[in-house]
Amino acid sequence: MKIDADQINHVAKLARLSLSAEEIGEFSDQLSAIIGYVEKIKELDTDSVAPAEHIAGLKNIFRGDTAEKSIPPDELAALAPDFQNGYIVVPKIIE
């Protein structure tokens, strides 16, 4: 499939690009080659190939939902700029 100058100009206008005549010719050739390659790939028989959800073979890693020891309140109070009645006090941001 040949990509012509009108199609290149249309896409360039949508992208707000100004292209020279040389660039239009170059992009036309390059995009036509890409489309040709995709058309060639479409000819391959892929009936026996299973679809791939992800090429890296990801899997979930689960851990148990167990309670762990937390920071003692006196150490937390030493870290917080304002600590009252067991809570960290923060500035009010919603009226």
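The values are calculated or read from the model by the stated rules, or taken from the named source; none is laboratory data. Given the structure is predicted, the values throughout are model-derived calculations rather than measurements. With ideal geometry, Cβ positions are generated from the backbone for all residues, glycine too; neighbour counts draw on all protein chains shown.
Assorted remarks:
- When Ser28, Ser32 are screened for being in contact with a Lys or Arg (Cβ under 7 Å, 6 or more places away or on another chain) and at pLDDT 90 or above, only Ser32 passes.
- Boolean, Ile55 is part of a loop (DSSP other than H, G, I, E, B) and touching a Leu at 6+ places or on another chain (Cβ under 7 Å): no
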